[in-house]
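The values are calculated or read from the model by the stated rules, or taken from the named source; none is laboratory data. What you are looking at is a predicted structure, and each value in this text was computed from that prediction instead of being measured. Ideal geometry is used to build each Cβ from the backbone, glycine not excepted, and the neighbour counts take in all protein chains shown.
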Amino acid sequence: MNPSMPPVAELVGVTQRYGALTALDALDLAVRPGELLALLGPNGAGKSTSIGVLLGLVRPQSGQARLFGRDPQDVASRRRIGVMLQSAALPATLRVGELLRLTASYYPAPRPLAESAGLAGVDDLLTRPYGKLSGGQQRRVQFALALCGRPDLLFLDEPTVGMDIEARQKLWAAIRTLVGEGCAVVLTTHYLEEAEALAQRVVVMGQGRVLTEGSVDDLRGRVGMTRIRCLSDLDAEAVAGWTHVAAAQREEGRLVVTTAAAESVLRRLLDADTALSELEVRRAGLAEAFVELSRQDREAA
Amino acid sequence: MDATITMSPRRVAGAYLQEIRSECLRYLRAPSFILPVTLFSTVFYLMFGVLLNHSGSDASRYLLASYTTFGVIGPGLFGFGASLAIEREGGLLTLKRALPMPPGAYLLGKMVMAMGMATLVAALLLTLGLTLGGVTLSPARVLAMLLAGAFGVLPFCALGMFVGTLIKGQGAPGLLNLVYLPMAFLSGLWLPLSMLPKPLQAMAPVWPSYHLNQLTLAAVGMGQGALWPHVLALAAFAAAFLVLAARRLRRVG
């Protein structure tokens, strides 16, 4: 990744309104060559609309969208991208190999079919009709279609929904291979561990704007949260009211406390419940950082 | 940055061919499409044109023309309309628009598929008519029937496409039948127009199927008057629905 290179995709001051709802609010967003950018945010934050504008599905009402310096609605600019959308009901009666051949035909210099199939782990499915595949297999096929054109930029919208852990990790490995080849990736995901595992840069969106951006470590550091997990009879709601406690709830029978001042909260916890056991303390993951950032945004609004 | 990604004309042509091939294959393998489209008109013709008529009668020839019209409309309305409505809902159309598919390939693929199916329906009906129905037609007339089938489907593709932009998903076939069956009746495809009440007879030229029926009747040698007004009317229907559908697609996606 070289920050001095022009971005492969960018939105400049894009505003998009649907009636009274502002989906994108003068949004600026740039994807640099070869980087893996994760777009995070709650539903309605504007992730899907941003992707729709970048793919040329929606023409921006104001502002500009560019793909490789061109209008995304120009088919030539899209010959360098690959796409995996959240839901796409592909023709059920076509075989996987036929779908791959069709999609590859749209591109000037696609990968050989066997290579695409191998990368996405669908080599054993090529002669199967798409409609007979399981949900996870269908997602893998959609991933194969996204990468078959040898794109310089890949859009992955919630790629691992419906996959089991093993399939998800295989897909992550394939994404890393593609990034290693110099392909930039824009990833939207609800699984924060996915962004944590893959992303070089994270953009957190809310209400059509960029709330914050940076590396995973940056983001975690910025909120400086710690997560305390333990077996305890203490009332989660009462603990949530303690000073320095950002959040407290029960998860799978355990008390989970998020705090920026772990030492003092721990002391109080141990004092309050002498029977407390199975104590775990760790730096907050992106999930907690993300909850905290969204909360700060709501309070500011 | 190298922003100009050019594609050789050969590869672009290849993409169009792949799209057409895929569209044809997927429907040939879908019994829920093939069976109603081919059986509706052929079974009706067997019952009313063959079993209930004397072999070789004028009625048998007349019904061959009108059931061909009826049969040809199906692939246009359903191949285009129902599939567009379902693909708009299922996200396939969105994916295709995001991919670098050459412009128009999606519609071209469906159009060629519908033309192929319409020709197949016409060929099946001709086979029944020429064998069991005892109809005799010169090779030129047989060819005219097949051509009427292949090109006559186009205005109904456009009509189907328009209906497909009005409704999303599985509701489309129902709505299409609400267009298909009354239109067939009102343009004299089931009963000769002369048996319908006068106001309905006068209204018949409103329906594109009436004009296609005049062409298939002429193809079996039962035409009346000049053909060009009917060809013109069909072309106008096709253009009008295409414009309406394109406008709605641009607006609602």
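Condition check ((1) at pLDDT 95 or above; (2) under 23 Å from the mean Cα position of the chain (by Cα)) across all residues:
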| residue | (1), (2) |
| --- | --- |
| A:ALA76 | no, no |
| A:LEU102 | yes, no |
| A:TYR130 | yes, no |
| A:ARG139 | no, yes |
| A:LEU153 | yes, yes |
| A:THR160 | no, yes |
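Being within 30 Å of A:VAL75 (Cβ to Cβ) and either within 8 Å of chain A (Cβ to nearest Cβ) or surrounded by fewer than 12 Cβ atoms within 10 Å (Cβ to Cβ) (or both) is the filter here, so list the residues in segment B:28-55 that pass it. Working first, answer last.
Step one: of segment B:28-55, the residues within 30 Å of A:VAL75 (Cβ to Cβ) are B:28-30, B:33.
Of everything in segment B:28-55, those that are within 30 Å of A:VAL75 (Cβ to Cβ) and either within 8 Å of chain A (Cβ to nearest Cβ) or surrounded by fewer than 12 Cβ atoms within 10 Å (Cβ to Cβ) (or both) turn out to be B:ARG29, B:ALA30.
Here the helices (runs of 4 or more DSSP H) wholly within segment A:53-123 that include at least 3 residues being under 24 Å from B:ARG88 (Cα atoms) and more than 9 Å from every other protein chain (Cβ to nearest Cβ) are A:96-104. Per the listing B:LEU234, B:LEU217, the residue uniquely more than 30 Å from B:GLY56 (Cα to Cα) and surrounded by 15 or more Cβ atoms within 10 Å (Cβ to Cβ) is B:LEU234. When we screen B:PHE70, B:PHE80 for residues that are modelled with pLDDT under 90, of a type outside the set (A, V, I, L, M) and under 13 Å from the mean Cα position of the chain (by Cα), the only hit is B:PHE80. When segment B:98-117 is limited to residues that are part of a loop (DSSP other than H, G, I, E, B) and at the interface with chain A (Cβ under 8 Å from one of its Cβ atoms), the one that is surrounded by the fewest Cβ atoms within 10 Å (Cβ to Cβ) turns out to be B:PRO103.
All conditions but one from (1) in a loop (DSSP other than H, G, I, E, B); (2) surrounded by fewer than 16 Cβ atoms within 10 Å (Cβ to Cβ) apply to A:THR160; the one that does not is (2). For segment A:132-151, the count of residues that are farther than 30 Å from B:LEU25 by Cα and either assigned to a loop (DSSP other than H, G, I, E, B) or among the hydroxyl-bearing types (Ser, Thr, Tyr) (or both) is zero. Just one of the listed residues (A:GLY41, A:GLY97, A:GLY46, A:GLY63) is assigned by TED's automatic domain parsing to the domain that holds A:LEU211, more than 30 Å from B:LEU28 (Cβ to Cβ), surrounded by fewer than 23 Cβ atoms within 10 Å (Cβ to Cβ) and not acidic (Asp, Glu), and it is A:GLY63.
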